[in-house]
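Okay, structure first, notes after.
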Amino acid sequence: MTHPRPLWWQEDHGAAEYARRLWQQLTLGIPAELALLLQHVGIAVEYIDAPSGFRGALIPEADVIKINRGLHRWQQRYTIAHEVGHCCVRRGEVTVRAERRERVCQVFAANLLMPADLTRDIARRYQGREDMVAYVMAHFQVSREAACIQLRRLRLLPGEMGPLETAEEAVAAMAELDHCVAADLDDATVPLFTVDVDVIYRRTNRGTN
Ligand SMILES: [Zn+2]
């Protein structure tokens, strides 16, 4: 199987670029056809019963991604993309420092499911509407949290962004995300980021705070 040229994933844009190339090369489309991605990397998905805090895990020696069957389908899509990111790292297709690994896998997943240009198009089309995030969710089939994080990363939701530094900040950011749109898609709104708190973005106040 062929892969895009390996990239250094030290920075977010490396992971985003890698995802963009894969999306293009495999013609994943919108919503991204993850079966094509899984076929490409030679990984199977197994849906399992698991506690709600568990989203998914890559079992590298078996080439399997285990996914919590109880998650909403859109959350499962994001988790699968995230675990494929881990697979790319493990296979040495990309290089990343250990402490950056979770973050860049999130950036990879977000950009694989929500290509930046297309996300910008949608955000502009629905700019100023309270249901903008819901349109992004429905268009790309992602959870509200994933949509908000990508929109903020692309600076398409109000507020400055910065990486979270503490677990307390992560909890506060999740509470904030919870209120960022009144979308009538309740079962897609279970928090995605129960573990990978380092990747949640928050509004950072300019100046003193
Ligand atoms: Zn991870």
Subset of region 128-142 [crowded, with 19+ Cβ neighbours inside 10 Å and closer than 11 Å to LEU156 by Cα]: MET132, VAL133
Condition set within 16 Å of the ligand (Cβ to nearest atom) and assigned to a loop (DSSP other than H, G, I, E, B), scope region 94-134, selection farthest from LEU28 (Cα to Cα): answer is ARG97
Could you tell me which numbered condition LEU36 fails, if it satisfies all but one of (1) free of Cβ contacts under 8 Å to residues at least 12 places away in the same chain; (2) assigned to a loop (DSSP other than H, G, I, E, B)? (2)
Of (1) over 25 Å from HIS139 (Cβ atoms); (2) outside any strand (DSSP E or B); (3) within 14 Å of the ligand (Cβ to nearest atom), PRO51 fails just (3)
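Provide a single number: the residues in region 54-71 that are surrounded by 19 or more Cβ atoms within 10 Å (Cβ to Cβ) and either away from the ligand (no atom under 12 Å from the Cβ) or farther than 19 Å from LEU113 by Cα (or both).
Summing the residues that are surrounded by 19 or more Cβ atoms within 10 Å (Cβ to Cβ) and either away from the ligand (no atom under 12 Å from the Cβ) or farther than 19 Å from LEU113 by Cα (or both) in region 54-71 gives 4.
No lab work stands behind these numbers, since they all come straight from the coordinates. The structure presented is a predicted model; accordingly, all values stated were derived computationally and were not measured. Cβ sites come from the backbone with ideal geometry, for glycine too, and all protein chains shown count toward neighbours.
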